[in-house]
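Worksheet: the structure to be examined is printed underneath.
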Amino acid sequence: MMPHDPPARATAPGAAPRRFEWLLRDVRACVACPAMAHCHAIGPANGPLDARILVVAEAPGRLGGAVTGVPLTRDVAAQRFAAFLALAGIERGEVFVTNAVLCNPLDARGRNRPPTRGDCARCRPFLVRTLDLVRAPYVVTCGRVALDALRAISTHEADLPREAATAVPWRGRALVPMYHPGRQSTLHRPQGAQEQDWRRLGELLAQG
């Protein structure tokens with residue numbers, strides 16, 4: 001069993017930074033998934049704890065977050081993510097970005113692979129704690145893996161093709177499914193449609 005925040009202290013005023021440090025300590029100690037590059041991509045650079053938007057992506061890429069320790073940085077998916085944020089009128093500094101899986105899943109040839117359900121289940125306690133710490137009213141998922149990771153925490157009926165860029169109630173927040181910014185996602189949703197999704201997200205945030 002993974003360690004959790006001491007409940008008596010977690011509700012104390014101003015406890016969030018301390019709880020975040022406990023979370024980072026526990027994440028860095030985790031080597032539960034043997035087929036991972038243990039980069040533990042979570043830290044202060046992920047974003048502010050009082051962010052209005054919490055983005056949950058899939059996993060650190062071997063050329064991106066696995067190198068920098070920060071999700072959606074450095075690689076092609078990161079560049080596309082930055083461009084999408086700009087379309088939505090969102091500054092990266094006002095967003096907390098994390099992943100369903102905090103380490104880099106690799107196949108037998110050392111390439112990125114999608115996280116398995118087992119990978120997501122082992123990392124789920126960390127995602128739950130992040131959601132409890134970052135109480136952003138908007139939770140934006142990037143890709144099906146992230147959407148399913150939230151469904152495993154608390155059920156929702158959001159379907160990515162049907163509800164892309166649409167706010168769905170979830171645990172007292174607005175859950176907004178989006179496609180992953182990786183280039184491969186254009187096989188499932190064209191670039192122009194994804195750009196329009198991010199513009200719609202910006203309009204949604206402006207209304208709320």
Run the helix sum for the chain: -39,500 (n - 2.57) per DSSP H stretch of 4+ residues, divided by residue count, reported at 222 nm to the nearest 500 deg cm²/dmol. -11500 deg cm²/dmol
Note on the chain: contact order normalised by length, alpha-carbon pairs under 8 Å, 6 or more apart, percent, works out to 22 percent
For the peptides 134-140, 15-21, what is the packing order when you average, over each peptide's residues, the other Cβ atoms within 10 Å and list the highest mean first? 134-140, 15-21
Going highest first, how would you order 60-67, 162-169 by mean Cβ packing within 10 Å? 60-67, 162-169
Between Leu49 and Ala152, what length in nm is gained on full extension when 0.36 nm per residue of separation is reduced by their alpha carbon distance? 34.8 nm
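Each reported figure results from applying straightforward, stated rules to the coordinates on display, with no laboratory input. Worth saying up front: this structure is predicted, and the values here are computed from it rather than measured. Don't worry about glycine lacking a Cβ; one is built from the backbone with ideal geometry, like all the others, and counts go over all protein chains shown.
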